[in-house]
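Undergrad: Following this message is one structure expressed as structure tokens.
The values are calculated or read from the model by the stated rules, or taken from the named source; none is laboratory data. The model shown is predicted, which means the values in this text are computed figures rather than measured ones. Note that each Cβ is placed from the backbone with ideal geometry, even for glycine, and that neighbours are counted across all protein chains shown. Side chains are part of the model used for accessible areas, which takes the heavy atoms of the whole protein and leaves out ligands, DNA and RNA. Shrake-Rupley method; radii C 1.70, N 1.55, O 1.52, S 1.80 Å.
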Amino acid sequence: GAGVSQSPSNKVTEKGKDVELRCDPISGHTALYWYRQRLGQGLEFLIYFQGNSAPDKSGLPSDRFSAERTGESVSTLTIQRTQQEDSAVYLCASSRDQVQETQYFGPGTRLLVL
Amino acid sequence: SQQGEEDPQALSIQEGENATMNCSYKTSINNLQWYRQNSGRGLVHLILIRSNEREKHSGRLRVTLDTSKKSSSLLITASRAADTASYFCATDESGNTGKLIFGQGTTLQVKP
């Protein structure tokens with residue numbers, strides 16, 4: 001079946017602008033995760049959804065970052081007033097459930113803030 | 001805090017040789033997962049080993065887990081040029097929500 005998809009693939013924006021990144025998880029997966037990966041680094045956890053609620057937002061780096069999920073499906077990560085340090089690849093993953101399950105990753109959105 | 005730490009950071013071998021990567025972590029875990037990443041984009045799940053397992057195989061991959069030492073190793077046997085990628089370990093901490101804590105990764109280059 002279809003895997004996790006993300007859009008856009010690449011996004012170039014100017015400092016101070018808002019951006020929205022979209023994630024479509026695998027159908028039927030109740031858990032959805034957002035991670036950020038800076039160049040040459042490992043992944044940093046941002047936020048996790050179980051259904052439409054977000055019990056763990058501990059990784060969001062600042063209040064400029066927010067995310068929502070609707071219909072237990074699509075999720076949107078919004079970054080307001082982007083800064084150059086927000087430049088990274090933003091990866092989304094989904095799993096059948098939140099505990100002890102394999103996470104399947106999308107291809108990521110490469111964000112460049114000029 | 002950084003949970004998984006991979007060693008070595010970079011590894012270069014000839015095709016046909018075996019590659020071994022190690023991962024250490026700090027806290028109790030539910031499971032440990034290994035992922036491969038090509039060209040800095042999406043991650044491909046390789047193998048998941050649970051905390052009550054000691055060894056797992058999948059094709060040319062062999063993963064071991066030593067919870068007493070809080071370490072894991074990934075062995076790729078008979079490597080191929082197509083195995084060239086970055087490899088990450090990720091831990092799913094006990095009692096956690098399933099979020100993964102990633103290490104910095106090992107960059108593997110397999111020369112033809």
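Undergrad: For residue A:97 and residue A:41, FRET efficiency with R0 = 41 Å and r from the beta-carbon atoms, rounded to 0.05?
TA: 0.90
Undergrad: For the range B:11-23, just list the computed ³J(HN,Hα) in residue order, Karplus coefficients 6.51, -1.76 and 1.60, θ = phi - 60°, integers in Hz, with x standing in for Gly and Pro.
TA: Result, ordered by residue: 9, 10, 9, 8, 3, x, 7, 8, 10, 10, 10, 10, 9 Hz.
Undergrad: With θ taken as phi - 60° and the coefficients 6.51, -1.76 and 1.60, list the Karplus ³J(HN,Hα) couplings across the range A:56-69 in order, rounded to whole Hz; mark glycine and proline as x.
TA: For the range A:56-69, the Karplus-derived couplings read 9, 10, 5, x, 5, x, 7, 6, 6, 9, 8, 8, 9, 9 Hz, x marking Gly and Pro.
Undergrad: OK, next. Residues with amide H under 5 Å of residue B:103's amide H, sequence separation 5 or more or different chain, H placed in the peptide plane at 1.01 Å from N; which?
TA: Sorted by chain and number, the residues that satisfy this are B:4, B:89.
Undergrad: Output ³J(HN,Hα) for the range B:63-76: one whole-Hz value per residue in order, computed from phi by the Karplus curve 6.51 cos²θ - 1.76 cosθ + 1.60 with θ = phi - 60°, and x for Gly and Pro.
TA: These are the phi-based 3J(HN,Hα) values: 10, 10, 9, 10, 6, 5, 9, 6, 8, 9, 9, 10, 10, 10 Hz.
Undergrad: Moving on. State the answer as a single residue: which of A:70, A:16, A:2 lies farthest towards the positive end of the charge dipole of chain A, with beta carbon charges of +1 for Lys and Arg and -1 for Asp and Glu, about the Cα centre.
TA: Ranked along the dipole, the leading option is A:16.
Undergrad: To continue, here is another question. Report the gain in length on full extension from residue B:15 to residue B:52: 0.36 nm times residue separation, minus Cα-Cα distance, nm rounded to one decimal.
TA: 10.0 nm
Undergrad: With all protein chains present, calculate the accessible area of residue A:102 using a 1.4 Å probe and round the result to the nearest 10 Å².
TA: 30 Å²
Undergrad: Let me ask you something else. Note the per residue figure in Å³ for the convex hull of the C-alpha positions in chain A.
TA: 95 Å³
Undergrad: Find which of A:54, A:80, A:103 sits farthest along the positive direction of the dipole of chain A, computed with +1 on the beta-carbon of Lys and Arg, -1 on that of Asp and Glu, about the Cα centre.
TA: Farthest towards the positive end: A:80.
Undergrad: Spit out the partnerless Cys residues in the protein assembly as shown, using Cβ distances under 4.7 Å as the pairing rule.
TA: none
Undergrad: Moving on to the next point. How about residue B:56: which lysines have a C-alpha closer than 23 Å to its C-alpha, ignoring those fewer than 8 places off in the same chain?
TA: B:26, B:69, B:70, B:99
Undergrad: Please check which bits of the range A:6-35 a label hung off residue A:81 would reach, taking the label as a point 7 Å along Cα-to-C-beta and the cut-off as backbone N under 17 Å.
TA: Flagged as within label range: A:14-20.
Undergrad: Would you report the distance distribution of C-alpha pairs in the protein assembly as shown as whole percents per 10 angstrom bin, up to the bin with the largest distance?
TA: Distribution as computed: 8, 33, 35, 19, 4, 0 percent.
Undergrad: Starting from the Cα of residue A:13, step 7 Å along the direction of its Cβ; do the same at residue B:78; then give the gap between the two resulting points in nm.
TA: Simple spin-label model gives 4.8 nm for this pair.
Undergrad: Taking 0.36 nm per intervening residue step and subtracting the Cα-Cα distance, what contour gain separates residue B:69 from residue B:45 on full extension?
TA: 6.3 nm
Undergrad: Regarding the range B:4-112, what are the three Cα extents along the principal axes, ordered largest first, in Å?
TA: Extents along the principal axes: 44, 27, 21 Å.
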